[in-house]
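Here is the structure we will look at.
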Amino acid sequence: MTATIAPQKPPRDMLFPAIVENMRDGVLAFDKNGNLITANHPVCEMLGFDDPSQLAGTFAEMVLMRDELWEINEAIVDSMYAANNVVTRDVTFRIGREERHVVVRTSMLRDEGSGQPLGVVVILSDVSEKMRSLRERIEFGHLVVLFIGLLGLANIVTLFVQTYDWFNVYSTGFAWAYLILITLPVAFTVWHLKLAPSQIGLTVKGWRRAVIEGAAASVIAIAVIYALSHLLHDDTVPGEQAAMSTMSVGMVILSRCGYALHSLIQEVMARGVLQTSLRRLLDDQSGVRSLLVASLIFGLFHSHFGLMAVAVTAVSGVVMGALYMRHGNLIGVTILHVAAGIAAFQLGIL
């Protein structure tokens, strides 16, 4: 014969402290005289104390030690006079160089019979990570709005240029002026927002893989462009070949170096800033939506070259954006941009 033994419930005086200690939120409890009764480890981490023993004494003494706790103290005092004795407040303070955002909920405990105050319970929820994420999305949202505004401005400028025949839109000078028109406001905004270079792809981390895969993609791109040049034309269109044949070797090298720098700046703008901003703003985990939208906008910035240029740059932008997502830097995608761009101009595709 076997006996069934009912599970023993832990005593209340053991259960409640365990619940408080294992809560993710910080918990403080004071008696009616302001003496600390309970403080769990999460609240110590939020307030920058190494150990709960440092919180001994009254909360007034803690405030004297730490000026940033004044707002929490005010919430505790206000709970005494609130209609339902409950106060919720957002508090921001610094622990060293780190900014903390905490939601403070204070509740005055009263005796049910006499209504006399027994103490105060304070719940602190750390929302610093959520606030940083929200602030980051807002900052990158500013960049996206800026790009849309610049797209409209660039189209107006090119419309005037083409209508009144001020410049040749295919000239190197106009290409640089057009790029500077876009780059300067974006660069100022990136500087103002204090974005790290690595956040917009300006890093050499993973450079070896980026160089190898960028070079391999360039070989494939050149082969495709060469095949297209024969499919689209009866004979190979010389494109830049005639112009290059009249230039010295030094001028050709200088021209190619200038194009490489131009391509790098384009990649910083299109992939490093625009695609990254869209991904952060949309919280795009896969990166596909931001990749497609950034590629389309990148293509529209070439609308003054015609529909073919928009299509080619948008489609190539998808490939380049995918490389950027894969590498996390602009090395491989810039190699591909330079190689494919030179081949396309040389063979008359663009």
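Assorted remarks:
- Residue-count net charge about A82 - beta-carbon cut-off 15 Å; Lys, Arg +1, Asp, Glu -1: +1
- Order by protection proxy (mean Cβ within 10 Å, highest first), peptides 284-295, 92-103: 284-295, 92-103
- Computed extension length for D50-K205: 52.2 nm, one decimal, from 0.36 nm per residue of separation with the Cα-Cα distance subtracted.
- Label-point gap, in nm, between Y226 and T88 - each point 7 angstrom along Cα→Cβ: 6.7
- At R0 = 51 Å, FRET efficiency that the Cβ-Cβ distance of D284 and L109 yields, to 0.05: 0.65
- ³J(HN,Hα) computed for each position of the stretch 302-311 - Karplus, 6.51 cos²θ - 1.76 cosθ + 1.60, integer Hz, glycine/proline x: 9, 5, 5, 8, x, 5, 4, 5, 4, 5
- Annotation: extensible slack from V145 through I95 equals 14.6 nm (criterion: 0.36 nm per residue apart, minus Cα-Cα distance).
- Cα→Cβ-extended label distance, 7 Å offset, between R326 and N155, nm: 3.2
- Cα-centre dipole for the stretch 131-346 with unit charges at Cβ (Lys and Arg positive, Asp and Glu negative), debye to 20: 940
- Ranked by how many other beta carbons lie within 10 Å on average, peptides 121-132, 149-160 from highest: 121-132, 149-160
- Where labels lie 7 Å past Cα in the beta-carbon direction, separation of T163 and A216 in nm: 5.0
- Anisotropy class of the stretch 142-187 from Cα gyration tensor, a/c 1.5 cut: oblate
Since every read-out is calculated from the coordinates, none of them should be taken as a lab result. Everything numeric here is computed off the predicted structure, so don't read it as measured data. Positions of Cβ are generated from backbone atoms using ideal geometry, with glycine treated the same way; all protein chains shown enter the neighbour counts.
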